Structure formats: C-alpha cells, structure tokens
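Enquirer: A single structure is presented below for examination.
Readers should treat all values here as calculations from the given coordinates under stated rules, not as data from a laboratory. This is a predicted model, so every value here is computed, not measured. Neighbour counts are summed over all protein chains in view; Cβ atoms, including those assigned to glycine, are modelled from backbone coordinates with ideal geometry.
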Amino acid sequence: MPELPEVEFGRKVASAAGLGRVIRSLEVEADEIVFCGDSPRSVKRRLKGARVEAVHRKGKYIWFALDRRPWPIFHFGMTGAFRSPALDPLKLASHGKQKDTIWPPRFAKIWMHFDDGNELVMTNARRLGRIRFAEDPRLSPPIAKLGFDPLLEMPRLPQFRRQLAARKSQLKGLLLDQSFAAGVGNWIADEVLYQAALDPRRRAHELDADEQKRLHQKLRAVIQKAVEVDARKDRFPRRWLFHRRWGKQSEARTHDGERVEFLEIAGRTTAWVPTRQR
DNA sequence: CTCAGTGTTCAGTG
DNA sequence: TCACTGAACACTGA
C-alpha cells in the first residue's frame, strides 16, 4: 500500500487524530522487530503524557514533533497504515458502508489514546514496518539520508538535470532509490516513466533535454495528483497505467489499447508499454 | 500448497 | 565510491 501519497494520507490521519493533543495512554504490542528492539514499556514511557505539536513527513517516513525528546518515527513498510475514527480511509472509500469497522483494527502495533478521546492506531500486518525513536529525526539515519521529497521540495529543472547527469543507473532503479527521490515506490516509478514515455532501462545520464524535462514534469504531476485525491485509487485518472498493471496479465492493455509488458528491473516487477516508452 | 509482493537493508561482486 | 544483484526480513491473501 504505502508510497508517498498513501503515507501523506497517513500523515493527515495522524494529524486529524492527534495534532495539539496529549497522549493520555497507549497500548503497545511486544514486537521487537517493528519497534527495533524497544520494549512496550520504554515505548510507553517515551510517549505517555507527551503533546503532539506537529506531524511531519518526508518520503515514506512520518514523525511526530513532541513537547519532549526523543520523537517517534513511523515507517509503514509494505503493509502499514495509520487508522483513526477521526479520519478513516476505509469508511471514506466505501461511503461509510464498510463491514470492516472493527476497532481496534487487526494487526495494531500501537494504539494511542488522546486527551480528547481521539484515537490513533498504526497497523502493520507483515511486520516490515518500523517504529523507532530519535532525538532529531530529520538529522538521524533513515531520514537524513533521503533525497528530495517530490511533493515538498521538488528541485527546479536545472538542478534536476544536474542530478540526472550525475547518475548512470537505469531510470527505474534511480526512481526507486530513496536517496534520489524520497517516497517513490514501484508503481509510481512505473507510472512516471510511462507518462514520460521513457524506457525504464534507459540510463539517467544519457537523457536529452526534452526527456529530462518530461521526467521532471511527470514525477511532480503524478505525485501531486495522487496526493490530491488522498491516494484513493478509484480517483486516479482513468488513463493511468496504474489501473492496468496488476496481476501481470499477458493480455493487459492500456486505456488506448497498447500492450502492457512486464520486466524485472532492480529486483522489482516493472510494468511498461514498449510501443510508447523509448 | 505455492508464491508474489506497493519496502528497506546489507553483503557481495565488478 | 559507484552500480547493481540477490537475499533476507515476515506473513498475508490470492
């Protein structure tokens, strides 16, 4: 589920639930993997009684600015999410008529109760997500190494051109590299390359001026649009490759009837349209 | 029962 | 150092 747009929606959920409020109490799963070795007791000690002064995101990471340190950092892995009755994606997606109104949701790893009665849960079914603490998240290991966030700090074209010229990797691999563009994941990389009409195997440094410009424009546009609709797939434009890429079906076609093919690049399934991407 | 998978990290190779 | 690959992580859901 989570690439930049989904994580940004998670930030909104956390913000709606907890911004400006005090964490009065919390339940914490004993999970050494997800909590990076921290015990439930130490997680509670750090969070209980703290006020959430801001909810930040960079790339696929979310962290809280609390009124005391250290601050918690959340990463969803492949299956995590924030859930809150204050802003529930499942309710939104089904116009309120969802059978999945179980609370707390399955696979809850941390369940925060705020002083006004609001609640926030982070779920993580496959345990590839992480919750860790840092004195200054923006300056510490995972987040400090990230490249630009395409929603918040998209470089201007001249600088983007220089960054491309400095990289010899394949475009697909480059877009997935979080130290280049933070928050791009597998489907966004494919969508951007499809819309920019670029072969995912092309090398970054060999793009011509027009190709650089298309990549720059589509990277920004795809992410902006997905964020604008709160990462709701049913609201992604109908002509996006996104709707056609799942299941590796040999008969897959684009909106315009072009053949969708599949490659493995950088260890990930890559959907692309050879008749269009050069 | 098998297996892909929307993510990250690390060891190993060239 | 860079570029890249493969494996590991963990476990659901098809």
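Enquirer: What does the net charge come to around A:Trp240 if you take all other residues with beta carbon closer than 14 Å to its beta carbon, with K and R at +1 and D and E at -1? Write down the numbers at each step before the final one.
Expert: Values: positive: A:Lys218, A:Lys225, A:Arg232, A:Lys233, A:Arg235, A:Arg238, A:Arg239, A:Arg244, A:Arg245, A:Arg253, A:Arg276; negative: A:Glu3, A:Asp190, A:Glu191, A:Glu228, A:Asp234, A:Asp256, A:Glu258.
So the environment of A:Trp240 carries a net charge of +4.
Enquirer: Can you run the Rg to Rh ratio on chain A? Use alpha carbon positions and the Kirkwood inverse-distance Rh. Mind showing how you got there, number by number?
Expert: Numbers: Rg = 19.8 Å, Rh = 19.9 Å.
With Rg and the Kirkwood Rh in hand, the quotient comes to 1.00.
Enquirer: Show me the GluC sites (Glu not before Pro) within the stretch A:111-219 that DSSP assigns to loop and that have at most 13 other Cβ atoms within 10 Å of their Cβ.
Expert: Here the GluC sites (Glu not before Pro) that fit, given the DSSP loop and packing criteria, are A:Glu135, A:Glu153.
Enquirer: Under a Cβ-Cβ cut-off of 15 Å, what is the net charge of the residues other than A:Gln217 that fall near it, where Lys and Arg count +1 and Asp and Glu count -1? If you can, show how the numbers build up before the last one.
Expert: Working: positive: A:Arg156, A:Arg161, A:Lys213, A:Arg214, A:Lys218, A:Arg220, A:Lys225; negative: A:Glu191, A:Asp208, A:Asp210, A:Glu211.
Residues near A:Gln217 contribute +3 overall.
Enquirer: Using a Förster distance of 25 Å, how high is the FRET efficiency between A:Ser25 and A:Arg138, based on the Cβ-Cβ distance and rounded to 0.05?
Expert: Values: r = 28 Å, r/R0 = 1.12.
Between A:Ser25 and A:Arg138 the formula returns 0.35.
Enquirer: Which shape class, rounded, prolate or oblate, goes with the stretch A:4-144 when its Cα gyration tensor gives a ≥ b ≥ c as root eigenvalues, a/c under 1.5 marks rounded, and past that a/b bigger than b/c marks prolate?
Expert: Details: a/c = 1.42, a/b = 1.32, b/c = 1.07.
Because its axes are fairly even, with a/c under 1.5, the stretch A:4-144 counts as rounded.
Enquirer: Quick one: net charge around A:Gln170, please, counting Lys, Arg +1 and Asp, Glu -1 for every other residue with C-beta under 15 Å from its C-beta. Please list the in-between numbers first.
Expert: Numbers: positive: A:Arg167, A:Lys168, A:Lys172, A:Arg201, A:Arg202, A:Arg203, A:Arg268, A:Arg278; negative: A:Asp177, A:Asp190, A:Asp199, A:Glu206, A:Glu211, A:Glu264.
Taking every Cβ under 15 Å from that of A:Gln170, the sum is +2.
Enquirer: Using the per-residue mean of other Cβ atoms lying within 10 Å as a proxy for protection, in what order, highest first, do the peptides A:233-240, A:2-9 fall? Let's see the in-between values first.
Expert: Values: A:233-240: 13.0, A:2-9: 24.0.
Most protected by this proxy first, the peptides run A:2-9, A:233-240.
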